[in-house]
1. Identify the residue in segment 288-302 that is more than 20 Å from residue 73 (Cα to Cα) and in contact (Cβ under 8 Å) with a residue 40 or more places away in the chain and, among all such residues, is surrounded by the fewest Cβ atoms within 10 Å (Cβ to Cβ).
2. Quick one: which residue in 60, 46 is buried (at least 16 other Cβ atoms within 10 Å of the Cβ) and out of contact with any strand residue (DSSP E or B) (no Cβ under 8 Å at 6 or more places or on another chain)?
3. May I ask you to verify whether residue 77 is surrounded by 14 or more Cβ atoms within 10 Å (Cβ to Cβ), out of contact with any strand residue (DSSP E or B) (no Cβ under 9 Å at 6 or more places or on another chain) and in contact (Cβ under 8 Å) with a residue 12 or more places away in the chain?
4. Among the candidates 199, 207, which residue alone is farther than 28 Å from residue 53 by Cβ, without any contact (Cβ under 8 Å) to a residue 40 or more places away in the chain and assigned to a loop (DSSP other than H, G, I, E, B)?
5. For the condition within 16 Å of residue 70 (Cα to Cα), surrounded by 15 or more Cβ atoms within 10 Å (Cβ to Cβ) and in contact (Cβ under 8 Å) with a residue 40 or more places away in the chain, what is the one hit in 309, 270?
6. Do you know which residues across segment 6-24 are closer than 14 Å to residue 127 by Cα and either touching a residue at least 60 places away in the same chain (Cβ under 8 Å) or in contact with a helix residue (DSSP H, G or I) (Cβ under 6 Å, 6 or more places away or on another chain) (or both)?
7. Among the residues that make up segment 115-123, is at least one of them over 27 Å from residue 280 (Cα atoms), free of Cβ contacts under 8 Å to residues at least 60 places away in the same chain, surrounded by fewer than 18 Cβ atoms within 10 Å (Cβ to Cβ) and touching a strand residue (DSSP E or B) at 6+ places or on another chain (Cβ under 9 Å)?
8. Look through segment 129-149, keep the residues that are under 16 Å from the mean Cα position of the chain (by Cα) and either without any contact (Cβ under 8 Å) to a residue 12 or more places away in the chain or surrounded by fewer than 23 Cβ atoms within 10 Å (Cβ to Cβ) (or both), and return whichever of them is farthest from residue 315 (Cα to Cα).
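The values are calculated or read from the model by the stated rules, or taken from the named source; none is laboratory data. Because the structure is predicted, anything quoted here is derived from the model rather than measured. Reconstructed Cβ throughout: ideal geometry from the backbone, glycine too, with neighbour counts over all protein chains shown.
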């Protein structure tokens, strides 16, 4: 076994027990997760001086997550990101979703997995969260069963695999919503970080972040928005989707994924009522999201990769966060 999994009681939500799980490898680096929202609570890895530090935003107590509306570390679905007009048509049937973002649906609104309690199993070095989203929940068709499998390797990689099945034709788009800050220093934002995304194209979108349907060449000048960045990039078919570096700590994050897109969100609306791991409340630019997923509003754009899941098919996608250092 490359890693050891332990758990401890972490509270109760709607009469369901919540646990904090810790997966630690032989080097002492570890991740913490909870079955509330199938959430990644912390990722603790060494810097260039071999000092351990937590590189994602999160809360030391469950209450922080219960009151969080910024999806810190959570599993997002049934459909990650935005669907225009909170509606889509599938085989001639119109489906109306809950609108929670200027008339659009974002991250499946109140039906989202981020505030649901998952069942779990521990299988050797695998922690598997499982949930049933019933037909009609959030407006989506089909009884959808989702499994989120998490593994932490000896070389400090967090492997997340999403597997889903449905009994009725539906749409699915699942991702993780970690906010990264590789400095692990209280009060320091990520603006000194260096980010490379392997993408020559991105989705054109309006002021409401809804895609127009056009895929355009990646142009850094289009990203100079004072409000920050909330843009979906069309990934090249390369081994590494994105690389994030913090020159000060020497930490490096490389992201690998099976998904066709990566949403770069600079946390412009980030806020928290509760103190985070480092003893401060969160504010804009404290962490950056790199959300591997299908494109936003895909059900309403036939030229986008399909997010349709048929009853006789298996939805299976993966994200790997691999951490290392350089001096």
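1. Across segment 288-302, the extreme among qualifying residues is 300.
2. That would be 60, the only listed residue that is buried (at least 16 other Cβ atoms within 10 Å of the Cβ) and out of contact with any strand residue (DSSP E or B) (no Cβ under 8 Å at 6 or more places or on another chain).
3. In short, no.
4. Exactly one of 199, 207 is farther than 28 Å from residue 53 by Cβ, without any contact (Cβ under 8 Å) to a residue 40 or more places away in the chain and assigned to a loop (DSSP other than H, G, I, E, B), namely 207.
5. 270 is the lone residue from the list that is within 16 Å of residue 70 (Cα to Cα), surrounded by 15 or more Cβ atoms within 10 Å (Cβ to Cβ) and in contact (Cβ under 8 Å) with a residue 40 or more places away in the chain.
6. 7, 19, 21, 23, 24
7. For segment 115-123, residues over 27 Å from residue 280 (Cα atoms), free of Cβ contacts under 8 Å to residues at least 60 places away in the same chain, surrounded by fewer than 18 Cβ atoms within 10 Å (Cβ to Cβ) and touching a strand residue (DSSP E or B) at 6+ places or on another chain (Cβ under 9 Å): present.
8. Among them, the one singled out is 149.
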